[in-house]
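Everything below concerns the one structure shown next.
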Amino acid sequence: MPRLLLYTICAALFLPGTVFAKSIDLNFTDNSVRFTYAQAIDRNLVTDLGVLFLENEGRFQDDEMAFHVGLNVVSDNVRFGGRVFFVAPGDAEALVIGLGGQARIALSSHVGLGGHFYYAPEAISFMDAEGYYEYSIRLDFKVTRTAYLYLGYRNVTVRIGDRDNKVELDDDAMLGIKLYF
């Protein structure tokens, strides 16, 4: 796992658009850790790369991960676009194109409410997947000019084979930090 995380971080550092804003988001639940690197390509376009490590039988394993690469159009605190997700729950493999977005509302100068939602119907789900959805909601607190701590909830679910076989990869409260540089 550490080698794969190192490769993911190195790949993210070489994304195009180095003169625009970048962010790192690291969060965890009882059974998972997610790392996401995002970078603006220009003022209205953001790309991101992330990995979700899932715990299985008390340890994190290379075959219990979900990867994503995203591209979103940005307008103020709202993003719309898509993410390509690869997940491998158990013996299955799923490649999906999730459409959706993210939003954040400032409740005060130091507190905000945000979330995201991505959905992939059967038509854009490949390999063993018949569908996918992921959503989160979070309350964030600005601790410095470039750092936010947050509490929230995340659910990541993939349908394998038929509509009755849903695999919840992650369904828990989360704690995280997002850094801008």
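Throughout, read-outs are computed from the coordinates displayed, never taken from laboratory work. The structure presented is a predicted model; accordingly, all values stated were derived computationally and were not measured.
Per 0.36 nm of contour for each residue apart, how much would the distance between V143 and N31 grow if the chain were fully extended, relative to their Cα-Cα spacing?
37.7 nm
Show the residues, 5+ positions off or on another chain, whose built amide H is closer than 5 Å to the amide H of E130.
Under 5 Å from the amide H of E130 lie the amide H atoms of R159, I160, G161, each far enough along the sequence or on another chain.
For a quick size check, give me the Cα extents of region 63-181 along its three principal axes, largest first, whole Å.
46, 27, 24
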